[in-house]
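Nothing in this text is a laboratory measurement; each read-out follows from the coordinates by a stated rule. Keep in mind that this is a model prediction, so the values were computed, not measured. Cβ sites come from the backbone with ideal geometry, for glycine too, and all protein chains shown count toward neighbours.
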Amino acid sequence: MTSLLRPFILATTFVFTLFLSAVFCASGSAQLTTGWKAHDADRPQPNVVTPADKPGGAPSDAVVLFDGTDMSKWRSKDGNDAKWKIVDGAMESVPRSGFVFSREEFGDCQLHVEFASPKKVKGSGQGRGNSGVFLMGEFEVQVLDSFNNRTYPDGSAGAVYGQYPPLVNASRGPGQWQTYDIIFRRPRFDAEGKVSKNAQLTVLHNGILVQNAVLALGPTGWIQHKTYDSIKGKTKGPISLQDHGNPVRYRNIWVRPLVEERQLPATPYDPVKIDLDQEVAAKLVGKYGAHKVEQKNKKLFLLFHGHSPLEMIPHSAAEYGFKKSAGQVTFTMDDQGNPTGIELKLDAARPIKANRQ
Ligand code: MG
């Protein structure tokens with residue numbers, strides 16, 4: 001590079017970096033909303049799921065696809081029984097018998113799989129302990145004996161095959177049992193069947209994060225990934241396991257279908273808002289037990305136990321709420337409209353009452 005060119009390239013790189021920073025800052029600043037008020041007591045309670053007795057076991061709401069005893073939950077490509085064999089409580093890929101597919105199909109899900117590559121090391125690169133776990137039958141999380149076995153990074157164990165190498169190589173040695181815990185969000189399609197949101201994968205390999213919410217470019221494939229057009233409108237598919245000619249074993253396979261969309265309130269939060277009457281507001285200012293009401297810049301604020309001020313949004317002269325929160329403040333008044341006390345409902349706990357001091 002000539003010395004004349006160097007400052008020009010540096011300056012161009014600097015400007016481009018500034019541009020990228022601006023783009024990312026702008027896109028990261030969008031205001032998110034849950035659709036619910038904070039601490040809304042009407043929000044549905046989380047379902048109770050009982051965890052397994054031991055780490056890695058199937059929780060109470062999981063669909064167990066393989067528990068070591070039979071392969072009835074699996075089929076071959078043609079729909080007939082799966083042709084893999086059960087060996088010592090594991091299902092083992094029989095070379096050239098084909099992929100196996102779960103009979104039940106899934107979209108968004110959490111998947112737990114345990115696998116072991118053959119103890120006896122044979123082959124190298126992609127030829128050693130190769131298999132794969134496919135979500136929706138389309139998106140492969142690569143299974144490979146990647147213990148001291150160099151290959152192309154986006155084809156090593158824990159890779160979203162051909163697209164994203166794992167963040168780290170978390171492989172155990174040949175023959176040792178390993179785990180994948182996968183969180184999968186299926187692709188979304190618009191009314192025309194065009195992809196509106198790519199499939200998303202998060203993968204833990206032996207408890208170590210190797211894929212962090214990556215967006216699949218399309219269904220995975222060798223050399224070239226496919227486009228979403230090839231699975232237009234598809235919302236479900238089987239979990240499938242690859243036969244790549246190596247006797248890889250699997251055990252303890254369970255899956256939890258995930259809720260597809262967050263539940264929104266039946267009626268959106270839209271409180272009756274009125275302008276704050278400054279004279280009324282001035283009367284409310286004061287101490288109420290351990291709490292304080294302040295007026296500042298033509299707004300009212302509650303200092304709950306001296307916490308940072310919470311802006312009070314007037315619903316009526318005596319009733320106030322907080323921005324995007326279920327919290328409520330109600331004043332009790334005497335005949336002259338002077339406050340005598342306050343009632344605070346800040347969350348699902350019992351209301352707090354305090355007299356004016
Ligand atoms: Mg594979």
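From its DSSP helices (H runs of at least four residues, each -39,500 (n - 2.57)), the chain gives a residue-normalised ellipticity at 222 nm of -3000 deg cm²/dmol.
Pairs of Cα atoms nearer than 8 Å and 6+ residues apart set the relative contact order; for region 278-355 it is 19 percent. Here the 3J(HN,Hα) profile of region 36-46, calculated from phi with Karplus coefficients 6.51, -1.76 and 1.60 at θ = phi - 60°, is 10, 6, 5, 6, 6, 6, 7, 5, x, 6, x Hz, Gly and Pro shown as x. When the chain is treated as a Gaussian network with alpha carbon springs shorter than 10 Å, the biggest mean-square fluctuation among Val210, Val49, Val64 belongs to Val49.
Counting beta carbons within 10 Å around each of Arg96, Arg251 and listing the fewest first gives the order Arg96, Arg251. Taking a ≥ b ≥ c as the square roots of the eigenvalues of the Cα gyration tensor of region 63-257, is the shape rounded (a/c under 1.5), prolate (a/b larger than b/c) or oblate? Oblate. Across the chain, the longest run free of exposed loop sites, meaning GluC sites (Glu not before Pro) lying outside DSSP classes H, G, I, E and B with no more than 14 other Cβ atoms within 10 Å, spans 1-191. Sorting the Cα pairs of the chain by distance into bins of 10 Å, from 0 upward, gives 5, 18, 21, 15, 14, 14, 9, 4, 1, 0 percent per bin. The length gained by stretching the chain between Thr340 and Glu192 to full extension, at 0.36 nm per residue less their Cα-Cα distance, is 47.2 nm.
When the inverse distances between all different Cα atoms of region 87-137 are averaged and flipped, the Kirkwood radius reads 13.3 angstrom.
Reported to the nearest whole Å, the Cα centre-to-centre distance from region 192-235 to region 109-162 is 16.
On the basis of the beta-carbon distance and an R0 of 22 Å, Ala41 and His307 show a calculated FRET efficiency of 0.60. Under a Gaussian network description of the chain, with springs only between Cα atoms under 10 Å, the residue in Leu344, Leu111, Leu32 that fluctuates furthest is Leu32.
May I ask for the angle, rounded to the nearest 10°, between helix 5-28 and the longest principal axis of the chain, with both axes built from Cα atoms and the value confined to 0 to 90°? Helix 5-28 sits at roughly 60 degrees to that axis. Each Cα pair under 8 Å and six or more residues apart adds its sequence gap; the mean of these over the residue count of the chain is a relative contact order of 18 percent. 3J(HN,Hα) along region 290-301: 7, 10, 9, 10, 10, 10, 8, 6, 6, 10, 9, 9 Hz, from the Karplus curve 6.51 cos²θ - 1.76 cosθ + 1.60 with θ = phi - 60°, whole Hz, x for Gly and Pro. For region 278-355, what does the alpha-carbon gyration tensor say about shape, rounded, prolate or oblate, given a ≥ b ≥ c as the root eigenvalues, a/c under 1.5 as rounded, and a/b over b/c as prolate? Rounded. Residues Thr151, Thr50, Thr202 in ascending order of nearby Cβ atoms (within 10 Å, fewest first): Thr50, Thr202, Thr151. Pairs exceeding a 25 Å alpha-carbon distance, out of Lys85/Lys236; Lys119/Lys226; Lys194/Lys236; Lys197/Lys323; Lys73/Lys236: Lys85/Lys236; Lys119/Lys226; Lys197/Lys323.
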